[in-house]
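Written below as structure tokens is the structure these notes are about.
What follows draws every value from the coordinates through simple rules; no lab data is involved. These figures come from a predicted structure and were not determined experimentally. Don't worry about glycine lacking a Cβ; one is built from the backbone with ideal geometry, like all the others, and counts go over all protein chains shown.
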Amino acid sequence: MIMEKTANKFRPNKIFGGIFYALKMYRQRKALGFAAFSKKVQQAEKMAAENNKRYRIYSFDGKYHILSRDDINFLRNRNLLSRKIEIGVYDRFCLYDTLTHANLHPQFRERELHFNKFKIDGN
């Protein structure tokens, strides 16, 4: 029986695993923080003013996403979202709506969102 020496192998996950995990958790919290949410609200308001569409902000995969109804249909057709669920059901998961300017985020509902109203002049 030939025994291999495993004591000399460098295992970065064993040594630095806790540090990598802490950095990963920090990035996830930062990606779902109030600064990221308010930035997405500004982007959604700007897109709504430019395209005259209703946009909603959702939280999927640890990030905020700005989606319109057309985008949801596109994701359903590509089987990235379930086709069994009707489109109206996704409104329950909406965190912000550009039509009603309703902040429905469970953590940041009481905080005030500061953004400029984007208006496009006809001139």
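List of remarks:
- Neighbour counts of C-beta atoms inside 10 Å place Met25, Met47 in the sequence Met25, Met47, starting with the fewest.
- Highest to lowest packing among 85-94, 29-38, scored as the average C-beta count within 10 Å: 29-38, 85-94
- Put simply, the stretch 36-112 fits an ellipsoid with semi-axes of 21, 15, 11 Å; these come from the alpha carbon gyration tensor as the roots of five times its eigenvalues, largest first.
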